[in-house]
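Scroll down for the structure; my scribbles are underneath it.
The values are calculated or read from the model by the stated rules, or taken from the named source; none is laboratory data. Fair warning: this is a prediction, and the values are worked out from it, not measured in the lab. Every residue, glycine as well, gets a Cβ built from its backbone with ideal geometry; the counts of neighbours run over all protein chains shown. SASA here: full protein model, heavy atoms, side chains in, ligands and nucleic acids out. Shrake-Rupley method; radii C 1.70, N 1.55, O 1.52, S 1.80 Å.
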Amino acid sequence: MINSDNVIIKLTFGFALKIVDYCESLNEKKKWSISGQLLRSGTSIGANTNEAQNAESRVDFIHKFKIAAKEANETEYWLHLCQMSESLPDCKDLIEDLTHIQKVINQIIATSKSKIA
């Protein structure tokens, strides 16, 4: 795991690892298209939160977290699609993890915005 004391970095990195594993199980079922979409959006959440750590300004920091939030929303869509499909592996735990990550990201955005005003 990533060596960081930053909670959101740890959460999103761990989530990305779980997404990689889940997408491998989708690939075993030859569900390459949905696997690719989910892999891109699910790992992008952590990439954007990590990039935000080196933001050039508070506005840039918020912008990068908003991108992470959008990627999380897309990931939520793909995971719900997988969950509702009878032919795909269960992903309830991933949805729960993502819900927690979304709450943290939204709180970071809200807190950061309040410091600008």
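Checking the stretch 28-36 against the condition returns a match, with at least one residue being open to solvent by 20 Å² or more (accessible area, probe 1.4 Å), over 20 Å from ILE105 (Cβ atoms), of a type in the set (S, T, N, Q) and in a helix (DSSP H, G or I).
Quick one: would you say LYS18 is open to solvent by 70 Å² or more (accessible area, probe 1.4 Å), closer than 30 Å to THR111 by Cβ and of a type in the set (D, E, K, R)? For LYS18, the condition - open to solvent by 70 Å² or more (accessible area, probe 1.4 Å), closer than 30 Å to THR111 by Cβ and of a type in the set (D, E, K, R) - is met. Of all residues in the stretch 24-39, those that are more than 20 Å from PHE13 (Cα to Cα) and among the polar types (S, T, N, Q) have Cβ atoms under 8 Å from Cβ atoms of residues that are surrounded by 14 or more Cβ atoms within 10 Å (Cβ to Cβ) and modelled with pLDDT of 95 or more, 6 or more apart or on another chain, in ASN27/SER35. Residues that are open to solvent by 80 Å² or more (accessible area, probe 1.4 Å) and closer than 13 Å to ILE34 by Cα within the stretch 66-78 comprise just one, TYR77. Between LEU98, LEU81, LEU88, which is open to solvent by less than 90 Å² (accessible area, probe 1.4 Å) and in a loop (DSSP other than H, G, I, E, B)? When all the criteria are applied, what remains is LEU88.
Taking every residue in the stretch 68-95 that is closer than 15 Å to VAL20 by Cα and of a type in the set (D, E, K, R) and pairing it with any residue that is open to solvent by 60 Å² or more (accessible area, probe 1.4 Å) and assigned to a helix (DSSP H, G or I), at least 6 positions away or on another chain, yields no pair with a Cβ-Cβ distance below 6 Å.
Scanning the stretch 48-65 for residues that are part of a helix (DSSP H, G or I), in contact (Cβ under 8 Å) with a residue 12 or more places away in the chain and farther than 16 Å from HIS100 by Cα gives ASN48, ASN50, GLU51, ALA52, ARG58, VAL59, PHE61, ILE62, LYS64. Could you tell me which residue of the stretch 37-65 is nearest to the chain's Cα centre (by Cα), considering only residues that are open to solvent by less than 70 Å² (accessible area, probe 1.4 Å) and aliphatic (A, V, I, L, M)? My answer is ILE45.
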